[in-house]
Amino acid sequence: MSDTRRTDLVLLLVALVWGSSYLSAQTATSALPVLVVLFVRYAFSALACLGLVAARRGGPRGARRWTRDEIRAGVPLGVTQAAVLVVETYGVAHTSAANAGLIISLTIVLTPLLDRAGRRGGLPPVFFAAAGVCVLAVGLLMSGNGFHGLRLGDLLMLVAALVRAVHVVLVGRLTARRSIRPLHLTAVQTLVGSALFLAPAAHDLPTLAHADTATWAQLVYLALFCSVFAFLAQTWAVQRTSASRASLLLGTEPIWAAAVGITLGGEHLTWLTGLGAALMVGGTYWGQSVERAHRSAAEPMSTGETAVTTASAQGTEAHNAMAQRLESATAHRLERDTPCPTTTTLTGS
């Protein structure tokens, strides 16, 4: 297998893992309180990240230590990341996994809008046409078997998409022109999230004693695969391909979310929601290509701005890593490939 094909397969696997995270979160929250699920997910992720940091050998002296910049950026980003996950997890507990994965992809069009707010040179009108297609898609996805009042879960996923866009913008602005290692930054964020959810979840932690094997498997999958593995895999892959190619493959996350929800979760798409799914995928890719073309024609952005637009479609935990790695990876690829806005996390939930 060629290196290019191997890298593409790894990126598709990351997108699949993030897409499947919505069904895993839904399954876990059906057996345990949402805050308990979030605390365990963060705690397992933090332990894994700390273990990886401690295992680093052969690097420069002090490679295991956190810098002041990593802590200063990691603490506020840990708070905003926790805000994304708490709204997202409550949302997926009250809607279908397919809807959750598709609606959260609105981050793709919300991030450029927020990032360009107050800056010169607004986005072209055609971008807002793409955003309008996405808004229509949300309406169809919420319609279910017919138009009715807005459902709580879908509304929460809309809020989650907005909060995630804010988080991604902050990632770029807090890490711009700073030497920050993705693994160390992610470790800080997971520690902050663990601390934030410990007290609210403490009262219900005894319910973990009654969790069955399947529930524990979902918790481990969310923490180690949807967070730590996806972070490491996408970091490895992004260094070996172009930003545009990576964003195209990672941007398939909502497609995988719908596919997993239908095939494994027993969910069903009506003709209205099916049309909404198609419009959402088409609208987000359209908006992405318009923003990329507009950005390549404009003056070169700072590396922080590049990181923001590149990270915004990824699953939440790995989104941060994507922003950091592309900040350096894009710099030496600009001559042959304009970086593509992947506006995910994805974060898988």
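The values are calculated or read from the model by the stated rules, or taken from the named source; none is laboratory data. It should be emphasised that the depicted structure is a prediction, and the values quoted were computed from it without experimental measurement. Cβ atoms come from the backbone with ideal geometry, glycine included; neighbour counts cover every protein chain shown. Ligands, DNA and RNA are excluded from the accessible area calculation, which covers all protein heavy atoms including side chains. Shrake-Rupley method; radii C 1.70, N 1.55, O 1.52, S 1.80 Å.
Odds and ends about this structure:
- Given (1) part of a helix (DSSP H, G or I); (2) open to solvent by 50 Å² or more (accessible area, probe 1.4 Å); (3) not aromatic (F, W, Y), index of the condition C226 fails: (2)
- Residue pairs whose Cβ atoms lie under 9 Å apart, separated by 6 or more positions or on different chains, with the first residue in the stretch 10-36 and farther than 15 Å from V92 by Cβ and the second buried (at least 22 other Cβ atoms within 10 Å of the Cβ) and among the hydroxyl-bearing types (S, T, Y), are A15/T344.
- Reported count of residues in the stretch 234-263, each being at pLDDT 85 or above and closer than 19 Å to V53 by Cβ, is 0.
- Residues (closer than 22 Å to T284 by Cα and surrounded by fewer than 19 Cβ atoms within 10 Å (Cβ to Cβ)) located in the stretch 229-243: S242
- Members of the stretch 1-56 that are modelled with pLDDT of 90 or more and in a loop (DSSP other than H, G, I, E, B): L32, P33
- Flag for S179 being among the hydroxyl-bearing types (S, T, Y) and not in a helix (DSSP H, G or I): yes
- Some residue of the stretch 133-148 being open to solvent by 20 Å² or more (accessible area, probe 1.4 Å), under 22 Å from Q26 (Cβ atoms) and not polar (S, T, N, Q): yes
- Matching residues, the stretch 8-34, being in contact with an Asp or Glu (Cβ under 7 Å, 6 or more places away or on another chain) and within 18 Å of H203 (Cα to Cα): P33
- Residues in the stretch 244-257 that are within 16 Å of the chain's Cα centre (by Cα) and either of a type outside the set (D, E) or not in a helix (DSSP H, G or I) (or both): A246, S247, L248, L249, L250, G251, T252, P254, I255, W256, A257.
- T252 being of a type outside the set (A, V, I, L, M, F, W, C), out of contact with any Pro (no Cβ under 8 Å at 6 or more places or on another chain), farther than 23 Å from S45 by Cβ and surrounded by 20 or more Cβ atoms within 10 Å (Cβ to Cβ): yes
- Test: residue in the stretch 264-273 that is touching a helix residue (DSSP H, G or I) at 6+ places or on another chain (Cβ under 7 Å), over 20 Å from S21 (Cα atoms) and open to solvent by less than 50 Å² (accessible area, probe 1.4 Å): yes
- Tallying residues that are open to solvent by less than 10 Å² (accessible area, probe 1.4 Å) and at pLDDT below 75 within the stretch 274-316 yields 11.
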